[in-house]
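The values are calculated or read from the model by the stated rules, or taken from the named source; none is laboratory data. Not measured: the values here are computed from a predicted model. Quick reminder, even Gly has a Cβ in these numbers, built from the backbone with ideal geometry, and neighbours come from all protein chains shown. Just so you know, the surface numbers come from the protein's heavy atoms only, side chains and all, with ligands and any DNA or RNA stripped out. Shrake-Rupley method; radii C 1.70, N 1.55, O 1.52, S 1.80 Å.
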Amino acid sequence: MKALITGASSGIGADMARVLSNEGIDLILVARRKGKLEKLAKELETNVQVIEMDISSTYNCMKLYNKVKKEDIDILINNAGFGLCDNFSDIKIDKELDMIDLNIKAVQTLTKLFLKDFKKKDQGYILNVASLAGFMPGPLMATYYATKAYVLNLSMAIYEELKKEESNVSISVLCPGPVDTEFNKVAKVNFAVKGLNSLEVAKYAINKMFKEKLIIIPSFKMKIIPFIIRFIPRKLLLKITYKIQMKKK
Ligand SMILES: NC(=O)c1ccc[n+]([C@@H]2O[C@H](COP(=O)([O-])OP(=O)(O)OC[C@H]3O[C@@H](n4cnc5c(N)ncnc54)[C@H](OP(=O)(O)O)[C@@H]3O)[C@@H](O)[C@H]2O)c1
């Protein structure tokens, strides 16, 4: 089997590469920091191809697809993403649009291109990395939360289409709470609670992906959050999330 992982140079993506390689799966690792990808590739036992690419451009996503489409990929993991934390009006629009390009448009483009191939051969796994943030609005990280809601809802809708078509292609969406990675450094935040270990999250996610689970939420404490928030009035939920986000700043 062969998997393509975006955002594999650090954090959850790098650990997913470790987990998949341990299971004997060949890899195509994508990110901007080639040095980090090459270092990771040396650590791994299976065949690894490294692709240095900024996938926040749709043109580059197409280029990436065209480069690897003959590789008979079985697993696509759309993991690359980042967050920004501040008042909506204070975040620079270009940074925010870059985030939308990466967190939404790259996922949209790669999912569509690979899904078509997977459907043709009636096999394959897609794992989109959203977040627990996708289940609620996130004042002070408004756009990030909204991008993850997009990925969550898109993935769920595709899941149902595949079920109705009786397809053997599987789509899952990973929705972790805080995970200890470079995410904080990039978003310039500190988590209000201790983050989960990224390798543990990766192991859990890959295991559930192979079991074709739709929504994957690591840790029991985090799993109950989407359930609980259904019963919280929206305005109260906004106040709670604002308070949590404020602690991160
Ligand atoms: N950490 C958390 O608490 C948490 C919680 C929920 C969801 N998530 C999600 O998990 C995913 C992985 O994040 P992480 O926590 O592992 O953070 P991370 O350590 O910062 O990893 C992000 C990865 O995305 C890559 N990336 C960023 N911009 C890119 C671009 N323009 N083109 C290609 N690759 C790019 C980075 O590589 P380069 O810089 O080398 O390009 C890096 O490999 C993200 O989608 C994030 O939103 C994280």
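Here are the numbers:
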item	result
Calculated SAXS-style log₁₀ I(q)/I(0) at q = 0.08, 0.14, 0.17 Å⁻¹ - the chain, Debye, Cα scatterers	-0.29, -0.91, -1.36
For the chain, built as a Gaussian network whose Cα springs stay under 10 Å, the top-fluctuating residue of Asp74, Asp98, Asp90	Asp90
Residue-level accessible surface for Asp94, protein heavy atoms, 1.4 Å, Å²	90 Å²
Derived scalar couplings ³J(HN,Hα) [the stretch 121-127; Karplus, 6.51 cos²θ - 1.76 cosθ + 1.60; whole Hz; x for Gly, Pro]	8, 6, 7, x, 10, 10, 10
Whole-Hz couplings from phi, Karplus 6.51/-1.76/1.60, listed for the stretch 163-168; x for Gly and Pro	4, 5, 7, 6, 6, 8
Semi-axes of the equivalent ellipsoid for the stretch 161-241, Cα gyration tensor, largest first, Å	26, 20, 11
Kirkwood hydrodynamic radius (C-alpha pairs) into Stokes-Einstein, the stretch 194-249, 10 °C and 1.306 mPa s, D in µm²/s	119 µm²/s
Degrees separating the helix 34-43 axis from the principal Cα axis of the chain, which is the longest one	60 degrees
Distance histogram for the stretch 94-196 (every C-alpha pair counted, 10 angstrom bins, percent rounded to whole numbers)	14, 42, 29, 13, 1
Where the chain is the region considered: accessible area per residue in Å², 1.4 Å probe	51 Å²
Rounded Å value of the spacing that divides the Cα centres of the stretch 71-90 and the stretch 94-155	7 Å
For the chain, size of Cβ-based charge dipole, Lys and Arg +1, Asp and Glu -1, in debye	800 debye
Max mean-square fluctuation residue, GNM over the chain, Cα-Cα springs under 10 Å, options Lys148, Lys70, Lys121	Lys70
Carbon + sulfur, % of accessible area of the chain - ligands and nucleic acids excluded, 1.4 Å	54 percent
Radius, Kirkwood style, for the stretch 37-155 when every pair of distinct Cα atoms is counted (Å)	15.6 Å
GNM flexibility winner over the chain from Glu182, Glu161, Glu96 (Cα, springs under 10 Å)	Glu161
17 Å Cα-Cα reach of Lys116 towards aspartates and glutamates, excluding residues that sit fewer than 8 places from it in its own chain	Glu71, Asp72, Asp74, Glu160, Glu161, Glu165, Glu166
Rounded Å value of the spacing that divides the Cα centres of the stretch 164-227 and the stretch 1-27	15 Å
Computed E for Ile228/Asn47 - FRET, C-beta separation, R0 45 angstrom, nearest 0.05	0.55
Unsatisfied cross-links (Cα-Cα over 31 Å) in the set Lys42/Lys211; Lys119/Lys194; Lys92/Lys213	Lys119/Lys194; Lys92/Lys213
